[in-house]
Each structure stands twice: as structure tokens, then as C-alpha cells.
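Chemist: Before I ask anything, here is the structure I am working with.
The values are calculated or read from the model by the stated rules, or taken from the named source; none is laboratory data. Keep in mind the model is a prediction, meaning the values are calculated, not measured. All Cβ positions, even for glycine, are placed from backbone atoms using ideal geometry, and neighbour counts span all protein chains on display.
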Amino acid sequence: MEVQRIAAVNDLSGFGRCSLTVSIPVLSAMGFQVCPLPTAVLSAHTGYPNPLVRDFTADMEGFLNHWESLGLTFACGYTGYLGNERQADVLEPFLRRLREQGALRLVDPAMADHGKLYASCTPDLVQAMARLVALANVATPNLTEACLLTGTSYEDVIAATDCHSAVEKMARELLAGGCGAVVVTGVESGDIIENCVLASADAAPVWVSGHRVDRHFAGTGDLFASVLCGWLLRGKGLEEAVNRTVGFVCRTTAATAEWQENGQDGIAFEPFLRELN
Ligand code: PXL
């Protein structure tokens with residue numbers, strides 16, 4: 001049996017369950033070989049005060065060149081958090097190469113939440129992420145990121161009595177920019193959380209919802225994108241893959257809320273990994 005390989009481009013944060021410390025265990029449990037390309041190395045994610053941060057930009061091209069010299073091919077490239085906008089210059093040709101090879105390109109433009117950019121992210125990074133999203137066959141922005149990528153006011157969207165049409169409009173804009181399919185995650189509505197799945201430009205959007213836990217957990221988007229990536233590579237259609245992903249994220253979030261005090265410590269998904277087998 002051949003194990004499919006995934007190039008996982010994301011930061012390595014030592015504490016706080018996000019990015020690579022989510023993708024590697026999740027996608028390994030789902031049967032894939034994960035090859036990490038770190039964008040930055042941090043002692044803990046930026047939701048904690050004063051993390052030690054080492055940018056990895058200078059070595060990313062060398063990493064990819066070495067992989068190429070080894071003749072490595074990937075079933076999928078999955079990109080997440082970037083340390084700065086220049087990293088997109090390195091990743092664009094890599095995603096183009098993956099596109100030529102027919103590999104899955106999942107771009108999770110991890111840079112913002114709850115209407116605000118993360119502390120380390122700049123407006124230039126938003127433009128850089130938009131270039132990567134245009135090369136994806138699936139992108140997974142949360143609501144805030146979808147607004148930033150399309151120049152839409154987050155406040156206006158959440159204030160709308162029915163934000164569904166505004167979210168659909170943003171998803172269509174991202175498809176018009178070149179992205180193959182979009183899942184806009186984390187649209188909160190009372191005690192449910194909704195995700196807008198737009199599988200193609202001529203499809204109708206499908207809304208997939210789960211029970212909302214009234215707490216914030218770091219790394220939720222990373223868990224979502226990782227599990228989704230696994231189900232897509234296992235051959236599920238987008239809607240089915242999102243359904244399974246929402247189920248897993250909601251179950252693990254609800255369980256974590258029962259036993260873990262600090263949401264910054266992330267979702268305690270480890271006891272549930274066997275469900276992904
Ligand atoms: O989960 C998103 C994320 C990823 N990587 C780093 C972060 C965050 C969110 O704060 O700080 C370094």
C-alpha cells in the first residue's frame with residue numbers, strides 16, 4: 001500500500017495546539033505522511049503574551065528545493081499561517097507546480113478571527129494570502145478572513161439580519177478570483193455555528209451547521225482544515241467531507257469545554273483521533 005504524502009506549510013508552535021501540532025497528528029491518524037515546511041517556529045501561538053518567534057522565510061525556498069532534488073511528489077499541499085507576505089512569493093510557484101501535477105491544494109488563510117487580524121499579521125499579508133487562495137482548489141477562510149480577502153466590512157456582515165447572502169457573495173468572489181471551491185467557516189447564529197460550502201461557480205451554496213460551544217478555542221480553524229484535508233484526500237466529496245469535519249470539530253470542542261479551563265490551550269482532540277481512522 002502506498003501512503004500518500006502531504007506538504008504541510010504552517011508554523012510550528014510548541015504550545016497551544018494549532019497549525020502543525022494539529023495537522024501532523026490528525027493527518028497521520030488519517031493515514032497520510034505529513035511533511036512539514038515550517039513558516040515560523042514559536043514557543044507558543046500568538047494568543048499567549050510574549051511568545052518567542054523565529055521567522056523561517058529565509059530557509060523556505062531551500063527546503064522546497066531540497067525536496068525537489070529528492071524527487072518528492074505530493075498528493076496535496078496544505079498551507080496555513082504565514083510569518084510574512086514574502087513567504088507567499090515562495091509558495092506561489094510551489095502551488096503552481098502542485099496544480100500542474102494535479103495535486104490537491106488546500107489553502108487555509110489563517111490570519112484573523114472575530115473581526116481582527118492576529119497580532120503578527122499585517123494588511124500586506126492579506127494581499128499575499130489572497131494570491132495563494134487564488135491557486136487553491138479548496139480554501140477555508142473563517143468569516144473574518146473571507147471579509148478581509150474580499151474587502152467586505154465584517155461589522156456589516158454580522159449586523160445583517162440575514163448574513164447568508166453576504167457570505168455567499170464573498171464565497172463567489174473568491175471563486176471568481178480563481179479558487180476552485182470555498183468553505184467559509186464559523187458563521188455564528190445563536191446556538192449553532194454554520195459553514196458555507198460553495199463547491200463551484202455554478203453550484204448553490206450548502207450550509208452545514210453544528211452545535212456551537214460558547215467559548216473560544218485556539219486552533220479551531222487548523223483542526224477544521226486538517227480534518228477536511230484528510231477526508232478530501234480519502235475521496236469524499238466536498239459536502240460529505242465538510243459534514244464529517246463539522247461533526248468532529250463540534251464533538252471535540254464540546255468535550256474540551258467540559259474539562260479544559262483555558263481556550264488558548266486549544267482543542268483536546270487527542271483522545272478522539274481514533275475516530276478518524
Ligand atoms: O490558529 C491560528 C494561528 C496559527 N499560528 C499562529 C497563531 C495563530 C492564532 O493566533 O498565533 C502562530
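Chemist: Does residue 80 satisfy the condition of being touching a helix residue (DSSP H, G or I) at 6+ places or on another chain (Cβ under 8 Å), at pLDDT below 95, within 11 Å of the ligand (Cβ to nearest atom) and not aromatic (Phe, Trp, Tyr)?
Modeler: Criteria not met by residue 80.
Chemist: Quick one: how many residues across the stretch 59-110 are of a type in the set (Ser, Thr, Tyr) and surrounded by fewer than 19 Cβ atoms within 10 Å (Cβ to Cβ)?
Modeler: 2
Chemist: Related question: Name the residue that is surrounded by the most Cβ atoms within 10 Å (Cβ to Cβ), counting only residues in the stretch 190-214 that are among the small types (Gly, Ala, Ser) and farther than 21 Å from residue 244 by Cβ.
Modeler: 201
Chemist: Cβ contacts < 9 Å: first residue closer than 16 Å to residue 150 by Cα, restricted to the stretch 112-140; second residue of a type in the set (Lys, Arg) and part of a helix (DSSP H, G or I), any location; separation 6+ or different chain. Result?
Modeler: Listed pairs, sorted by first residue: 128/86; 135/96; 135/99.
Chemist: Right, something else. Can you report the number of residues in the stretch 1-37 which are within 12 Å of the ligand (Cβ to nearest atom) and farther than 27 Å from residue 92 by Cβ?
Modeler: The number of residues fulfilling the criteria is 4.
Chemist: Test residue 65 against the criterion of being at positive phi and without any contact (Cβ under 8 Å) to a residue 40 or more places away in the chain, and give yes or no.
Modeler: Criteria not met by residue 65.
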